Structure formats: C-alpha cells, structure tokens
Amino acid sequence: MKLNEEFERFTSRIFPHPTNPTVTKRDIAITLYTGLLILNEMKNTIGLEAMLEYMDRYCRTMERHDPRLRLAVNRALQFANVRKIYADAIKGTQK
C-alpha cells in the first residue's frame, strides 16, 4: 500500500531517524505488523466492537503519555488521504 507523497515526505522529515540508531525500518515494520495482527486476532476472537474499543482506549492512553507524539502524528495525518490509502489497499488485495 502506497501512502500519498506529501504524507511520506512529511513523516520522513519529522522522523528522519529513530532515537535509537540501532532500530531499523524492518524493526518498525515488524512492530506495526505485530500490532495489526494482535488487533485482527482480537477482532476475530472477541469481536469488532471490542477491538475498536480497545484501539480507541489505547490511542487515548498513548496521547496522554506522550503529547508530542500526538501532535506530530496529528500533523502527519493532515497530509494523509485515508480514502486513497484504503482504495490502494483494496486494489492491492484484488490482484
């Protein structure tokens, strides 16, 4: 799935390299993928509503814990075209 170019340019500026230089893009991808699979398993095991409630509460906890992270991500999301991201993902699964 390809994010729109503005979003990619912006996120590469605000996150040019991790705080820990030993963390690689692969490490980040593994972390994100693991989180998504946990959410998917939660959806399949206890239902979509429970998964969405967990996700919302987890996001609120993260936002309270690190307000700078919330501001940076909200700024990056201004450039994200979620309709395009979704359409690209659906197209990618139909091939």
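If Lys and Arg each add +1 and Asp and Glu each add -1, what is the summed charge of the other residues whose beta carbon sits under 14 Å from the beta carbon of LYS43? So the surrounding residues net to -4.
Projecting the alpha carbon convex hull of region 41-95 along each direction and taking the average yields 5.2 nm². Counted residue by residue at 0.36 nm each, then reduced by the alpha carbon distance between them, the extension gain from LYS84 to ASN40 reaches 13.7 nm. Taken along the Cα-to-beta-carbon direction at a fixed 7 Å, the label points for MET55 and LYS25 span 2.5 nm.
A short reminder: the numbers here are calculations on the coordinates, not readings from a lab. Quick caveat, the model's predicted, so the values are computed rather than measured. Note that we place each Cβ from the backbone using ideal geometry, even for glycine, and neighbour counts take in every protein chain shown.
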